[in-house]
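Participant: First the structure, then my questions, so here it is.
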Amino acid sequence: MSSARLRPDPTFYPSPRLAMEAPRERLAYVAMLCPGRSRADGLAVVDLDPASPTHATRVGGLDLPHLGDELHHYGWNACSSALCPMGGHPFTERRYLIIPGIRSSRLYIADTRPDPRQPRIVKEIPPEELLRKTGYSRPHTVHCGPEGIYVSTLGGKGARGDESLPGIFLLDCDSFEVLGQWELARGPQTMSYDFWWNLPHDYMVSSEWGLPPQFESGLVAEDLLANRYGHHLHFWDLRGRRHLQTIDLGANHQMALEVRPAHDPTRDYGFLGVVVDTTTLEGSLWTWWRENGRFHARKTATIPPEPADPAALPDLLKPFGAVPPLVTDIDLSLDDRHLYVACWGTGELRRYHVSDPFDLRLTGSVRLGGIARHTPHPSGAAFHGGPQMIEISRDGERVYFTNSLYSTWDDQFYPMGVPGQMAMARSGAGGFALERDFLVGFPEGMRAHQIRLEGGDCSTESFCFASA
């Protein structure tokens, strides 16, 4: 082992505050998917350095070797959690991207060295191996833990992925071998989506979307109106790998998606976004917390639907004469002060002040796209879809976002098409506003989803030490 490997990766930070003081991001990795399968999915590398002559353009990337993977969420092999005292890999490197195909159930391991603009595949895990070793399919969210790489799944066995239950599996963080199911006792959990944790407090929280037949061919309106999508939060003993508690948010609160725990590990709370309330068409934000050994959750903000001419709406929404906000992503700044909320349906990106996690205050809003509004970019260019996947710079001053949700759902809600785009808003004491000179396009036929920032980002990092 070289002497350089005897020191932790310089992009690992003990606390959120130290991560905020680190050098700014220079590159973004963006998942691209081709819904028509005319070409393979891939990654785009985008230049984020404002001093660069190629700023806000694609400067590299990676094409995958198979068709039809449907890239969705992905993540780093290692992050600041490697510095946790319970970890056994403090000298690993933030170097590899773990890239699941949500439709193919195939995983790729991509190396971003030696040239971070030209990642290369160094390992492929076929769907047969994943199913054989875990019983799971449709891999989704990737989180780097102190002792391994955790990956949630949306499906189980069978062609439809619903013959057994989904869950979480682990990869070895050095060999990337599939180790097996994480859960020892899953309790009443039957659906899966996102997950995250508080490492020193030793618990995990997970959420629910739906089973593969409920999303792969598009939103199933009958299931939505019958409240058959996910509406529970689950809490787990992290090291014990056992289910502890379930909170039912109410069956009308359909599709409990992204969970965002506070980054400061002394803060025993977090946030959740719910896509839609079937009784009101509202989106909602929830705060969950632990008190006296029990977990609780409370709705702390709602976002109303917006009336619209049925003639301007896709078939799915015509009977309602309104556009639901469709809260499809949320992201929390590293200082735990601002929560950003993507309202993919109405084309709005909201900023809430959340220093008091039970008093969410709306402090800013920008609009782009939208099912009915079609708000253009400040540059004058059309923006398709709406704000969807969000990623915040470590210093909290830049909020990047893309516009595609999931290919079949894109087609239902935006039948005119969702060409891939990435935009950015500036956030600070001067307010919250779109950046006119930042709008990135992607190759024809490709859509854009998850963003990862070189050196770590707000939806990747987890910490074991509090900020001073």
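Participant: Would you please name the residue that is nearest to the chain's Cα centre (by Cα), looking only at residues in the stretch 323-365 that are of a type in the set (Phe, Trp, Tyr) and in a loop (DSSP other than H, G, I, E, B)?
Facilitator: The qualifying residue nearest to the chain's Cα centre (by Cα) is Trp344.
Participant: So in the stretch 366-376, with the set limited to residues that are part of a strand (DSSP E or B) and free of Cβ contacts under 8 Å to residues at least 60 places away in the same chain, which one is surrounded by the most Cβ atoms within 10 Å (Cβ to Cβ)?
Facilitator: Gly369
Participant: Additional query: For the stretch 394-409, name all the residues that are assigned to a strand (DSSP E or B) and either aromatic (Phe, Trp, Tyr) or at pLDDT below 95 (or both).
Facilitator: Selection gives Tyr400, Phe401.
Participant: Mind checking which residues of the stretch 43-89 are more than 28 Å from Glu444 (Cβ to Cβ), of a type outside the set (Gly, Ala, Ser) and over 20 Å from the mean Cα position of the chain (by Cα)?
Facilitator: Once the filter is applied, which keeps residues that are more than 28 Å from Glu444 (Cβ to Cβ), of a type outside the set (Gly, Ala, Ser) and over 20 Å from the mean Cα position of the chain (by Cα), the stretch 43-89 yields Leu83, Cys84, Pro85, Met86, His89.
Participant: Evaluate the following for Ser164: is it within 29 Å of Ala44 (Cβ to Cβ), free of Cβ contacts under 8 Å to residues at least 40 places away in the same chain and outside any strand (DSSP E or B)?
Facilitator: Values: within 29 Å of Ala44 (Cβ to Cβ): no; free of Cβ contacts under 8 Å to residues at least 40 places away in the same chain: yes; outside any strand (DSSP E or B): yes.
For Ser164, the condition - within 29 Å of Ala44 (Cβ to Cβ), free of Cβ contacts under 8 Å to residues at least 40 places away in the same chain and outside any strand (DSSP E or B) - is not met.
Participant: So in the stretch 262-283, with the set limited to residues that are out of contact with any Phe, Trp or Tyr (no Cβ under 7 Å at 6 or more places or on another chain) and farther than 17 Å from Gly250 by Cα, which one is surrounded by the fewest Cβ atoms within 10 Å (Cβ to Cβ)?
Facilitator: Here the answer is Thr266.
Participant: Given (1) closer than 25 Å to Val259 by Cβ; (2) touching a strand residue (DSSP E or B) at 6+ places or on another chain (Cβ under 6 Å); (3) hydroxyl-bearing (Ser, Thr, Tyr), identify the lone condition not met by Thr54.
Facilitator: Thr54 satisfies all of (1) closer than 25 Å to Val259 by Cβ; (2) touching a strand residue (DSSP E or B) at 6+ places or on another chain (Cβ under 6 Å); (3) hydroxyl-bearing (Ser, Thr, Tyr) except (1).
Participant: Need a quick list: strands (runs of 3 or more DSSP E) entirely within the stretch 172-283 having at least 2 residues that are under 15 Å from Ala297 (Cα atoms).
Facilitator: Hits in the stretch 172-283: 203-206, 232-237, 242-248, 253-261, 269-277.
Participant: Another question about this same structure. Determine whether the stretch 174-181 contains at least one residue that is among the small types (Gly, Ala, Ser) and over 20 Å from the mean Cα position of the chain (by Cα).
Facilitator: First, the residues of the stretch 174-181 that are among the small types (Gly, Ala, Ser): 175, 180.
Still in the list and also over 20 Å from the mean Cα position of the chain (by Cα): 175, 180.
Checked the stretch 174-181: at least one residue is among the small types (Gly, Ala, Ser) and over 20 Å from the mean Cα position of the chain (by Cα).
Participant: Of all residues in the stretch 32-62, which are in contact with a Lys or Arg (Cβ under 8 Å, 6 or more places away or on another chain), of a type in the set (A, V, I, L, M, F, W, C) and either farther than 25 Å from Arg106 by Cα or not in a strand (DSSP E or B) (or both)?
Facilitator: Cys34, Leu48, Val59
Participant: Still on this structure: So, in the stretch 410-445, exactly how many residues are among the hydrophobic types (A, V, I, L, M, F, W, C) and assigned to a strand (DSSP E or B)?
Facilitator: 10
Participant: What is the one condition in (1) among the β-branched types (Val, Ile, Thr); (2) farther than 20 Å from Gln450 by Cβ; (3) under 23 Å from the mean Cα position of the chain (by Cα) that Thr279 does not satisfy?
Facilitator: The failed condition is (3).
Participant: Could you count how many residues in the stretch 134-176 are in contact with a Gly (Cβ under 7 Å, 6 or more places away or on another chain) and under 22 Å from Thr92 (Cα atoms)?
Facilitator: So the count comes out to 10.
The values are calculated or read from the model by the stated rules, or taken from the named source; none is laboratory data. The structure presented is a predicted model; accordingly, all values stated were derived computationally and were not measured. Because the Cβ atoms are built from the backbone with ideal geometry, glycine has one as well, and the counts that use them run over all protein chains shown.
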